[in-house]
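Shown next, in structure tokens, is the structure this report addresses.
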Amino acid sequence: MTDASVIIPTIGRPERLRACLESLAGCDPRPAEVVVVDQSTTGDTTALVEEFSDLGARRVACESRGVGHARNVGLVSARGQVALMTDDDCTVADSWVGEGVRLAREHPGALITGAVLAGEESPMALSTKVDPAPRDYTGERTSGVLYTNNALGPRAELVAFGGFDERLPTAEDNDLCYRWLRAGRGLRYEPSLRVWHNDMRTPAQLRVRYREYWRGQGAFYGKHLRARERDALRFLVYDIRAYVRRRVIPHLRRGRELSSDYQCFLRGMVPGLARGLIRLSGENGLSDDERR
């Protein structure tokens, strides 16, 4: 047993959540508790979580949607000093909890993210990271290096910092990553911390997800451009150049029509950027009452 809380947002995917909880039950040591933040509308999650009561699993109801909101609810509801975060469609290595606690002790106050491998049946899984070498990002001004389906941090400090910006439809992890590093805090990548992402989306579902991703990314850029953060302009220019170089130019050279994911980029990034520029201000989505 450790002083670590595992936080898992879920939205009505009991089969995947079961696999995640079973992998946690195989960890040695086990966490002090597993907080399942349930945004579904059925009773399936309640019954499932009760099956894992010996793991310290408990369900926390969450009526509002959004993974950023769910993670904030989990951070506030949890009791452990260390918050370990993953998703309901991930399974963890049996060393995950122990390795997370060890890393938290070696790097107090830091956010730590780890390797995210594609599951055997999910070769096209999104949000994977397989770099073999550790890396310390502390002191850099960057985003996009925090993978919250495999991450840990000091729970109370994350709450006091404001947690995730719940107004962002996606990219709330990139926003926290940037704000955390900009504040001079520590962030590391440690490949010894491993999970598997068992993503099972169809091509049509992937297109929808890409559009959602770019909408959130655009809103993240717009939010910080509105605050006159020059880093956000650098990030935006890099994204556009990389997308044109990797996706647009190869298609044009071969005389092909632009792929549907290009439309996802435009239909996501443009309205997201507009939303961020016009509507978003401030740092995050946790109120002062929630932080307490």
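Coordinate-derived values only; no laboratory data. Treat the numbers as computed from the prediction; the structure is a model and nothing was measured. Note that each Cβ is placed from the backbone with ideal geometry, even for glycine, and that neighbours are counted across all protein chains shown.
When DSSP beta bridges are limited to those with both residues in the stretch 4-200, what percentage is antiparallel, rounded to the nearest 5?
Details: 13 of 36 bridges.
Counting DSSP beta bridges with both partners in the stretch 4-200, the antiparallel share is about 35 percent.
To the nearest 10 degrees, how steep is helix 67-77 against the longest Cα principal axis of the chain, on a 0 to 90 scale?
In the chain, helix 67-77 runs at an angle near 30 degrees to the longest axis.
Only counting other Cβ atoms within 10 Å, I'd like THR138, THR10, THR91 sorted with the fewest neighbours first. Write out the running numbers ahead of the final one.
On the way: THR138 15, THR10 24, THR91 21.
Listed from fewest to most nearby Cβ atoms, that is THR138, THR91, THR10.
At a 10 Å Cβ-Cβ cut-off, how would you order ASP89, ASP94, fewest neighbours first?
ASP94, ASP89
How much net charge surrounds GLU190 when only other residues with a Cβ under 9 Å from its Cβ are counted (Lys, Arg +1; Asp, Glu -1)?
The answer is +1.
Treating the angle as unsigned and between 0 and 90°, give the value, to the nearest 10°, between the Cα long axis of helix 260-279 and the longest Cα principal axis of the chain.
80 degrees
Please report, to two decimal places, log10 I(q)/I(0) for the stretch 1-158 at q = 0.09, 0.13, 0.17 Å⁻¹ as given by the Debye formula with identical point scatterers on the Cα atoms and no solvent.
Normalising to I(0) and taking log10 leaves -0.27, -0.57, -1.00.
Using just the alpha carbons, could you tell me how many Å³ per residue the convex hull of the chain encloses?
With only Cα atoms used, the chain gives 134 Å³ per residue.
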